[in-house]
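The values are calculated or read from the model by the stated rules, or taken from the named source; none is laboratory data. Bear in mind the structure is a predicted one, so any value in this text is a computation, not a measurement. When we count neighbours, we look across all protein chains shown, and the Cβ atoms used for this are built from the backbone with ideal geometry, even at glycine.
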Amino acid sequence: MGLTGFQLKLLAAALMLLDHVQHYVPGYPLWFRYLGRLSAPIFFFMSVEGFIHTRSRERFIARLFAGGLVMAAGSRALSAVLPYYLDLPNIFLSLATAMMILWSLDWGERTGKQALGSALAAVWGFVSLFTEASLYGVALALCFYFLHDNKASLSIAYFLISILPSLGSFGTDIRAWLMWDYQWMMVFALPLILAYNGQRGSNSPLAKWFFYIFYPAHLWILYAIGHAAFNASFRG
């Protein structure tokens, strides 16, 4: 029972698609973005799972960085050809830098050079702040990694990571939470994460490379559609 890793990734991809449809294409309801807040935490959770269980952490991280570079190059080219007032995100870089934090800490532990490993982790943590997920990504990676075997503690930490930034920004102003800082909606990803049954779900090459292909493809297509819709409305 429960959800396999591949099922979780498919669900996260569907929620992410709703989020980006609303962001790039005019006319879709804001609640699409609410649902989209659930996707990034699931991808961070599955990336940590991949980091823990992969045969080569270095190759795993290298794939994420490669995806980030391809995404950055393709997005820059697309935005040059089709200028649009909305930017293109790059979660690959958020995931890659977050995994480098974990790699640095693990390397320090394995080699007995904890101080150097912690220093490297701090450097990558600083770099991560300039990526799409920023502090959320760092906090999620550390939460999922260090509390991996304690679901109760993981749930409490995840709840606090989801809620406290919005609480600090807007207090108890629910309207502000819903309209301006709905990142707190990611708290609802927790039941899905806890439903993970520890199984990969599929060993096919499609399952392995699905997200690497789907992420840039759907963003570039939606960006182009949004660009065309914006220009059509402007001319009208």
(request) Sort through Ser104, Ser153, Ser162, Ser118 and tell me the only one that's over 18 Å from the mean Cα position of the chain (by Cα), of a type in the set (Ser, Thr, Tyr), closer than 25 Å to Leu194 by Cα and in a helix (DSSP H, G or I). (result) Ser153
(message) Looking at (1) surrounded by fewer than 18 Cβ atoms within 10 Å (Cβ to Cβ); (2) at pLDDT 85 or above; (3) small (Gly, Ala, Ser), which one does Ser169 not meet, given that it meets all the others?
(response) (2)
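Taking the stretch 96-133 only, how many residues are surrounded by fewer than 19 Cβ atoms within 10 Å (Cβ to Cβ), closer than 22 Å to Gly50 by Cβ and among the aromatic types (Phe, Trp, Tyr)?
1
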(message) Taking the conditions exactly as written (closer than 23 Å to Ser47 by Cα, in contact with a helix residue (DSSP H, G or I) (Cβ under 8 Å, 6 or more places away or on another chain) and assigned to a helix (DSSP H, G or I)), does Leu78 satisfy them or not?
(response) no
(message) From the list Ala176, Ala224, Ala189, exactly one residue is assigned to a helix (DSSP H, G or I), modelled with pLDDT of 80 or more and out of contact with any Pro (no Cβ under 8 Å at 6 or more places or on another chain). Which is it?
(response) Ala224
(message) Return the residues of the stretch 24-68 that are assigned to a loop (DSSP other than H, G, I, E, B), aromatic (Phe, Trp, Tyr) and modelled with pLDDT of 95 or more; say none if nothing qualifies.
(response) none
(message) Just the residues that are among the hydroxyl-bearing types (Ser, Thr, Tyr) and within 21 Å of Leu102 (Cβ to Cβ), please, taken from the stretch 1-59.
(response) Ser39, Ser47, Thr54, Ser56
